[in-house]
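Novice: To start, I am sharing the structure in question, which I have written as structure tokens.
None of the figures in this text is laboratory data; all of them are computed from the coordinates on show. Bear in mind that the values here come from a model prediction, so they are computed numbers and not experimental data. Backbone-built Cβ (ideal geometry, glycine too); neighbour counts: all protein chains shown.
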Amino acid sequence: MREAMEFDVVIVGAGPAGLSAACRLMQLANEQGRPLEVCVVEKGSEVGAHILSGAVFESRALEELFPDWRERGAPLHTPVSADEVYLLKDAERALKLPDALLPKSLHNAGNHIVSLGNLVRWLGEQAEALGVQVFPGFAVAEVLHDENGRVKGVVTGDMGVAADGSHKDGFMPGMELHARYTLFAEGCRGHLGKQLVERFGLAGDTDPQHYGLGIKELWDIEPSRHRPGLVIHGAGWPLDKDSGGGFFLYHAENHQVVVGLIVDLNYANPWLSPFDEFQRLKHHPVLKQYLEGGKRVSYGARAIAKGGFNALPEMAFPGGLLLGCDAGTLNVAKIKGSHTAMKSGLLAAETVFAALLEELPDSAWAPRWKAAFEASWLHEELYRSRNFGPALHRLGPLAGGAFNVVEQNVFAGRLPFTLHDREADHARLRPAAECPPIVYPKPDGVLGFDRLGSVFLSNTNHEEDQPCHLRLADPAIPIGRNLPLYAEPAQRYCPAGVYEVLEEEQGGPRLQINAQNCLHCKTCDIKDPAQNIVWTTPEGGGGPNYPNM
Amino acid sequence: MKVLVTVKRVIDYNVKVRVKPDQSDVDLANVKMAMNPFCEIAVEAAVRLKEAGLASEIVAVSVGPAACQEQLRTALALGADRGIQIDSGEAPDPLGVAKLLAAVVAAEKPDLVILGKQSIDGDNNQTGQMLAALLDWPQATFASALALEAGRLRVTREIDGGLQSLELNLPAIVTTDLRLNEPRYASLPNIMKAKKKPLEVKSPVELGVTLKAHTRLLKVEAPAERQGGIKVGSVSELVEKLKSEAKVI
């Protein structure tokens, strides 16, 4: 028998969206002198441990939440000092794009280069100081529904279960967390969010969600090469013209730069390996000029939801809301999702708090949420950037890019039509036999590295003796279908080397899942052509321990 | 019977330790910190004594800056009754810690002090022994089993040649080894309750201890990168390489 605890609001995920919602709820409760029990459950070992983002941060939502964020010591230390955008033509050449040719949404004056992980750690401290119960180290395994199907809370995962399902010495059963409202802020492709979208039909007739896989490293560089506040974006090489994506290199504080590549997960060639594309990207002179002589200190990866407005599901369901990237509020025209995620949390807090005060039924609360969302700058921003991603996908980087410049700079996103992108990312994969294999250079150990050495720097770990959290709906598909048809792409799209096809002397090939290496990026759940891999939460506290990411 | 357990905040064992670029120390900025695993075992041992009805109160003590209250709260969530943070600033060296703990022992008068055998950051393995010397109490280090019978403590120790069994009079000092127990998880209700348990902050001055640095950190260097291995074709080639290249035979 599981124990239960009662709260007013339970929030799943201590990221920008979840913590903003939690802070705002307590601010409102404290202002009105109303007792409120709010809890945030986080699967990472501590708040911030699983947070990974570029990140250039727009402070608009933070200003609304904490107008005195400077006095409170929010870690926004590096204002953007310059923006550069490059089109990499090949391994050596690059075209630096003049400002006039860039969509306005890519101008970053006034923004800051931050470690989102550290910003979230700070938000966690603010939340606790306001009276929020923050519980890191607990994964939420299930959603609870009442007899009418309304969400009435969640269940945390059992701890101390052995790989064979038996209970170990320290076994601790999961706990039911009941709430009047449950907010899901798991980040992109949350495993519960996915279930809720399906159960309540939240996607309706929206476009399928589109994703990118972001891979990021943190480097200590030579002080003479460091230009604090410089923001570099670019596209082109090493991705071919059929594969979308782009790179970033930001000069942060303390002689550090962050460098990363986002590969759109609608790529067609199953031989493509986002990890290896990133490793070779760093050899391009535009990046190498800063990295050379430096030392890589951290590594991580995370999928992002980039479908934007056209793919945004209904966020409200009976008993709660999907927030931030769990719904898909990232603004792809700005390549930013943190301020929009935070804003979704603020709006959620305000409507939920009002609903608690007035004891509104869902039938009255949900329309209020919708009205508040549609009246917000969040909705406006997402609406105006709705064509940005589809234009790139449908018209290609050049024509699509030109369209975006005109649409964003001349019409400010107000053109009277909407471009759609109706094919799911996983469905775009083509058979391996129809695609040219890609030969990646061997890592030199200086600028480029191998997977395992990289995963080591993410500090990821999972208790070894536990059930595998990467479940195969049909265990026969990887070898029976994916291998012959697509050369099992999981071996290549996973940035952590979790999936390996091993040739056994007897019995032929076998798929090995090294779940301990998992970075919780969710790419396998997204890109498997058979949609056969289901990412579930491992024992709480497992996964990466990113510092300063 | 009152039990005192010590708890140290250290870099999490999952984290790859990184040296600061200026080699002045290990980089701890925004790095995940946790309770020293041997201290977790010490807390678990104390909680089991209490659950068995042998201990009446468990006091958890930590020496360090305010941040180590987080680890004290963990100890409270695991079953300790109250916490004491000795606000020493950055962690003093083992003798300083032992002196501070001796002063706490003088005030609290526990019957048993359980410490981790060492912390995974400094790996000094000194504090327990120094505390025993300062108090002139019997000590059993590297405990892999612990039992309390008729007011006497039976401890099994892991030593190089095997296992050693000791019997001690109380009050006594025990330091824990890895196999003493498997610590439990803190449950959500216990974490919430822990926030309301008493936690006192004391300064070294209040305890009458003047801290003195006995060691000075000159420089921290990362170990040399390991070279990749090679495959040799024959035993004679192996012997040749061990002689001429590795120069170990």
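Novice: Is it possible to state the helix-based mean residue ellipticity at 222 nm for chain A, with each DSSP H run of 4+ residues giving -39500 (n - 2.57), the sum divided by total residues, to the nearest 500 deg cm²/dmol? What is it?
Specialist: Computed mean residue ellipticity for chain A: -7500 deg cm²/dmol.
Novice: Mind scanning A:Lys216/B:Lys117; A:Lys334/A:Lys527; A:Lys295/B:Lys212 and naming the pairs with a C-alpha gap bigger than 27 Å?
Specialist: From A:Lys216/B:Lys117; A:Lys334/A:Lys527; A:Lys295/B:Lys212, over 27 Å: A:Lys216/B:Lys117; A:Lys295/B:Lys212.
Novice: So, one more: For the stretch A:355-372, in order, what is each residue's ³J(HN,Hα) by Karplus, 6.51 cos²θ - 1.76 cosθ + 1.60 with θ = phi - 60°, in whole Hz (x at glycine and Pro)?
Specialist: Per-residue couplings from phi come out as 5, 5, 4, 8, 6, 6, x, 4, 5, 9, 6, 4, x, 5, 4, 4, 5, 5 Hz.
Novice: Next question, about the same structure. Quote to one decimal, in nm, the extra length available between A:Ala427 and A:Ala100 on full extension: 0.36 nm per residue of separation minus the C-alpha distance between them. Working shown, then result.
Specialist: Numbers: separation 327, 0.36 × 327 = 117.72 nm, distance 3.65 nm.
So the extension gain works out to 114.1 nm.
Novice: Here is a follow-up. For the stretch B:2-244, what does the relative contact order come out to in percent, with C-alpha contacts under 8 Å and a separation of six or more?
Specialist: Numbers: 487 pairs, mean separation 57.3, N = 243.
Once normalised by length, the contact order is 24 percent.
Novice: Given only helices, namely DSSP H runs of n ≥ 4 each adding -39500 (n - 2.57), what is the per-residue ellipticity at 222 nm of chain B, to the nearest 500 deg cm²/dmol?
Specialist: -8000 deg cm²/dmol
Novice: Taking Rh as the Kirkwood radius, which is the inverse of the mean 1/r over Cα pairs, what is the Rg/Rh value for the protein assembly as shown? Display every interim value, and only then the final one.
Specialist: Values: Rg = 28.0 Å, Rh = 28.4 Å.
A ratio of 0.98.
Novice: Build a GNM of chain B with springs between Cα atoms under 10 Å: which of B:Leu112, B:Leu207, B:Leu100 gets the top mean-square fluctuation?
Specialist: B:Leu207
Novice: For the stretch B:2-244, max minus min Cα coordinate along each principal axis, in Å, sorted largest first?
Specialist: Principal extents (Cα only, largest first): 66, 42, 39 Å.
Novice: Taking θ = phi - 60°, what integer Hz values does the Karplus form 6.51 cos²θ - 1.76 cosθ + 1.60 yield along the stretch A:10-20, in sequence order, with x for Gly and Pro?
Specialist: Values per residue, Gly and Pro as x: 10, 10, 9, x, 9, x, x, 5, x, 6, 5 Hz.
Novice: Which FRET efficiency, nearest 0.05, do A:Glu500 and B:Val205 yield, Cβ-Cβ r, R0 56 Å?
Specialist: 0.45
Novice: Of the beta bridges DSSP finds with both residues in the stretch B:2-244, what % are antiparallel, to the nearest 5?
Specialist: Values: 18 of 44 bridges.
Taking every DSSP beta bridge with both residues in the stretch B:2-244, the antiparallel ones total about 40 percent.
Novice: Taking Cα centroids, how far is the stretch B:1-80 from the stretch B:139-164 in Å?
Specialist: 22
Novice: Also, I was wondering about something else. Report the residue, chosen from B:Leu180, B:Leu238, B:Leu95, that carries the largest GNM mean-square fluctuation when chain B is represented by alpha-carbon nodes joined by springs under 10 Å.
Specialist: For chain B, modelled as a Gaussian network with Cα springs under 10 Å, the answer is B:Leu238.
Novice: Please give me, ordered by residue number, the GluC sites (Glu not before Pro) of the stretch B:1-110 that lie in loop per DSSP and have at most 11 other Cβ atoms within 10 Å. Numbers along the way, then the final one.
Specialist: Values: sites: B:Glu40, B:Glu44, B:Glu51, B:Glu57, B:Glu70, B:Glu90, B:Glu108; in loops: B:Glu90.
Sparse-neighbourhood loop GluC sites (Glu not before Pro): B:Glu90.
Novice: Let me ask something else. Per residue and in cubic angstrom, what volume does the convex hull of the Cα atoms of the stretch B:21-143 have?
Specialist: Taking the convex hull of the Cα positions in the stretch B:21-143, it is 111 Å³ per residue.
Novice: Grab the beta carbon distance between B:Lys109 and B:Val26, set R0 = 25 Å, and tell me the FRET efficiency rounded to 0.05.
Specialist: With a Förster radius of 25 Å, E is 0.10.
Novice: Which GluC sites (Glu not before Pro) from the stretch A:302-411 combine a DSSP loop assignment with at most 16 other Cβ atoms within 10 Å?
Specialist: Of the GluC sites (Glu not before Pro), the ones in loops of the stretch A:302-411 whose Cβ has at most 16 other Cβ atoms within 10 Å are A:Glu359.
Novice: For a quick check of your reading of the filter: which GluC sites (Glu not before Pro) in the stretch A:1-80 sit in a DSSP loop and have no more than 10 other Cβ atoms within 10 Å?
Specialist: Qualifying residues, ordered by number: A:Glu71.
Novice: Once you place label points 7 Å from the Cα toward the Cβ at A:Phe411 and A:Ile438, how far apart are they in nm?
Specialist: Between A:Phe411 and A:Ile438, the simple spin-label model gives 3.3 nm.
Novice: Taking 0.36 nm per residue of sequence separation and subtracting the Cα-Cα distance, how much length would be gained by fully extending the chain between A:Ala129 and A:Arg70, in nm to one decimal?
Specialist: Roughly 19.6 nm would be gained on extension.
Novice: Shifting gears a bit: Applying a 10 Å radius around every beta-carbon, put A:17-30, A:270-283 in order of their mean neighbour count, most first.
Specialist: Working: A:17-30: 27.1, A:270-283: 23.0.
The peptides rank, most packed first, as A:17-30, A:270-283.
Novice: By how many nm would the segment from A:Glu6 to A:His145 grow when fully extended, if each residue of separation counts as 0.36 nm and the alpha-carbon distance is taken off?
Specialist: Numbers: separation 139, 0.36 × 139 = 50.04 nm, distance 1.45 nm.
Value of the extension gain: 48.6 nm.
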